[in-house]
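Beneath this line is the structure, given in structure tokens, with notes to follow.
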Amino acid sequence: MNRPIKCFLLLCLSWFPLQSTSAPQTIHIVTESWLGYTNEDGSGFYFDVLKQIFPDENWQVEIDIAPFSRVRYLLNHERADMALGFYAGDTTKAIYSDQPIEVDSADIALTPEMAKNWDGIESLSFKKVQAMLKYRYDEFIDVPMYYGESSSLVEMLDRVNRGHIDAVLDYKPSMLAKAAELSEPRQFVIIENVFRTEIYFAFALNEKGKLLKAHFDIELQKMSDSGELDRLFRQYVGPDANRL
């Protein structure tokens, strides 16, 4: 065995807990809060997956909930070990899990006029469209839009509600939860599943990130093969939901 390979194997053994008596390894995970996925009370599909892959007896998991713009920044600068909910093709400096955790479906809030004439994502051509900071839908949707981002979902929904913009891309549960905070009665119309893309968990681009990814990929495959991954997904999203 040559020296570089031997050193790498020793590093692997030092990271991964092989005995129950070893000290738990610490993982710093960052994520935005998404209803049903990363609820602030610690429940949700993503969090339940993490609990099974990184059980308490072997891992000390520290989770920070932050806006997605902050999540990307922390992972990009290796100030977090792992982050949740990244689109395929995102240019963040990170390593992606081998498998997607799910296929994401984004929803859209439209002015009543836009909703009447909605004919799929092409209807956004040259329309004023907004989304949360760092969601960067303009990089994944191949339609020319007057696209902008904001840190406030309520403010964006207020704009589409008044007809100042044409559409807001986000998620129906989040948009409905914010509807009570609108400055005027709700006028906008929500259409579901207008944009789909694979979602991955991502890891810091360093040695620790590579080792965490290797462990995660093995355990996620076991959950997929056993059907546990799909069971958890249906538990939170709906009995007829299809993860992929």
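The values are calculated or read from the model by the stated rules, or taken from the named source; none is laboratory data. In this text the structure is predicted, and so the values were computed from the model without any measurement. For neighbour counting, all protein chains shown are included, and Cβ atoms are generated from backbone atoms with ideal geometry for every residue, glycine included. Areas reflect the complete protein model, heavy atoms only, side chains present, ligands, DNA and RNA absent. Shrake-Rupley method; radii C 1.70, N 1.55, O 1.52, S 1.80 Å.
A compact table of results
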{"read-out": "Carbon + sulfur, % of accessible area of the range 24-92 - ligands and nucleic acids excluded, 1.4 Å", "value": "45 percent"}
{"read-out": "Net dipole in debye of the range 17-162 [+1 Lys, Arg Cβ; -1 Asp, Glu Cβ; about Cα centre; nearest 20]", "value": "480 debye"}
{"read-out": "Reach of LYS128 by Cα under 23 Å, taken over lysines that are not fewer than 8 positions away in the same chain", "value": "LYS116, LYS172, LYS178"}
{"read-out": "For the chain, built as a Gaussian network whose Cα springs stay under 10 Å, the top-fluctuating residue of ASP158, ASP119, ASP166", "value": "ASP119"}
{"read-out": "Calculated Rg and Dmax of the range 51-150 using C-alpha coordinates, Å", "value": "17.2, 55"}
{"read-out": "Average Cα contact separation per residue, the range 120-197, under 8 Å, 6 or more apart, as relative contact order %", "value": "31 percent"}
{"read-out": "Sorted largest first, extent of the range 150-234 alpha carbons per principal axis (Å)", "value": "50, 31, 21"}
{"read-out": "Assigned charges on the beta-carbon of Lys, Arg, Asp, Glu; the chain dipole about Cα centre (debye)", "value": "540 debye"}
{"read-out": "Cα-derived Rg over Rh, computed across the range 48-90 with Rh taken as Kirkwood radius", "value": "1.00"}
{"read-out": "Range of Cα positions in the range 99-196 per principal axis (Å), largest first", "value": "42, 27, 21"}
{"read-out": "Radius of gyration and Dmax over the Cα atoms of the chain, both given in Å", "value": "20.1, 71"}
{"read-out": "Ordering of 233-244, 104-115 by burial proxy (mean other Cβ atoms within 10 Å per residue, highest first)", "value": "104-115, 233-244"}
{"read-out": "ILE190, ILE218, reordered so the largest accessible area comes first (probe 1.4 Å)", "value": "ILE218, ILE190"}
{"read-out": "Selection from TYR147, GLY209, GLY238, by position along the positive dipole direction of the range 118-244 (Cβ)", "value": "GLY209"}
{"read-out": "Within the chain, helix-based [θ] at 222 nm, where runs of 4 or more DSSP H residues each add -39,500 (n - 2.57), nearest 500", "value": "-10000 deg cm²/dmol"}
{"read-out": "The chain - accessible surface per residue (Å², probe 1.4 Å)", "value": "51 Å²"}
{"read-out": "Exposure rank, largest accessible area first [TYR146, TYR96, TYR73, TYR87; 1.4 Å]", "value": "TYR146, TYR73, TYR96, TYR87"}
